[in-house]
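The values are calculated or read from the model by the stated rules, or taken from the named source; none is laboratory data. On a predicted model such as this, the values are computed, not experimentally measured, just so you know. Cβ sites come from the backbone with ideal geometry, for glycine too, and all protein chains shown count toward neighbours.
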Amino acid sequence: MTYFIRAFVCLLAVVGNAVASGSDQSQALLDMVKSRDKAIQDIVRSETNGETPKERAKLKTIVGGLFDFKALSELSLGRSWAERTDEEQKAFIDLNRRLIEKNYADPKLYTKAEKIEYAGVELDGKDALVKTVVHYKTEESNIDYQMHQVGDKWLIYDMIVDDLSIGKSNRSQFRREMRKSSFEGLMEKLRKKLDADASGEKGASSS
């Protein structure tokens, strides 16, 4: 299934603990975004370019802490979510989490942007929209992060890349797959993708 790799250029910046209330919260959340971006850039632009096992493990851990995987999974399945058993929902959340952690712990993904502009934060209670513009050598992308407050943290539950929602795009792809086969058919396809990615990484590391 297609995930939008460009959305992760500054993804690791956009998460953290809850901040001050009121009008100050927007600026505090934006400052937190910038701070997280610097932290991840320190990893991927180290002398080893973030490629050591320890650095990659750190990236994977950070990626795993960015999302509300349940909310993202529910958005991605749409109406089908309510039709799934508790066990199926848990299995889908876990597989979704593993795919995201696997695909976006690659430090090369975070060195392609030449400049990141932080366009602002829109707050509505416990929901927030963090807007960014990512500049590459020959193009730019508008990447917005839909977040909500869960406990004392802000977590991502969707990303909008150039007006296209990743959650809704996934939903369309997943729905087509389930129509062709079934929910278990979708799960099997995602498992094969995870296994294929793992095999490809092993081959690359041994070459």
| message | Checking the structure you have, find out if any residue of region 168-175 is buried (at least 16 other Cβ atoms within 10 Å of the Cβ), under 21 Å from LEU194 (Cβ atoms) and of a type in the set (Phe, Trp, Tyr). | response | yes
| said: Being aliphatic (A, V, I, L, M) and surrounded by fewer than 16 Cβ atoms within 10 Å (Cβ to Cβ) is true for just one of ALA105, ALA119, ALA128, ALA113. Which residue is that? | reply: ALA119
| Which of the residues belonging to region 90-145 are over 14 Å from the mean Cα position of the chain (by Cα) and of a type in the set (Gly, Ala, Ser)? | ALA91, ALA113, ALA119, GLY120, GLY125, ALA128, SER141
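Give ASP42, ASP68 a once-over and let me know the one that is out of contact with any helix residue (DSSP H, G or I) (no Cβ under 6 Å at 6 or more places or on another chain) and within 17 Å of VAL150 (Cβ to Cβ). Talk me through it step by step, then tell me what you get.
Numbers: ASP42 fails: within 17 Å of VAL150 (Cβ to Cβ).
It is ASP68.
So which residues in region 137-150 are in contact (Cβ under 8 Å) with a residue 40 or more places away in the chain and surrounded by fewer than 20 Cβ atoms within 10 Å (Cβ to Cβ)?
Scanning region 137-150 gives SER141, HIS148, GLN149, VAL150.
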| note | Being at pLDDT 80 or above and either within 17 Å of VAL130 (Cβ to Cβ) or touching a Leu at 6+ places or on another chain (Cβ under 6 Å) (or both) narrows ALA71, ALA39 down to just ALA71
| said: What's the number of the only condition in (1) hydrophobic (A, V, I, L, M, F, W, C); (2) at pLDDT 90 or above; (3) part of a strand (DSSP E or B) that PHE174 fails to meet? | reply: (3)
| said: Just to be sure before I move on: is ALA20 in a loop (DSSP other than H, G, I, E, B) and at pLDDT below 80 in the structure I sent? | reply: yes
| field | Per-region count, region 77-136, residues touching a Lys or Arg at 6+ places or on another chain (Cβ under 9 Å), assigned to a helix (DSSP H, G or I) and of a type in the set (Val, Ile, Thr) | value | 1
| message | If I filter region 52-63 for residues that are in contact with a Leu (Cβ under 7 Å, 6 or more places away or on another chain), surrounded by fewer than 19 Cβ atoms within 10 Å (Cβ to Cβ), hydrophobic (A, V, I, L, M, F, W, C) and modelled with pLDDT under 85, do I get at least one hit? | response | no
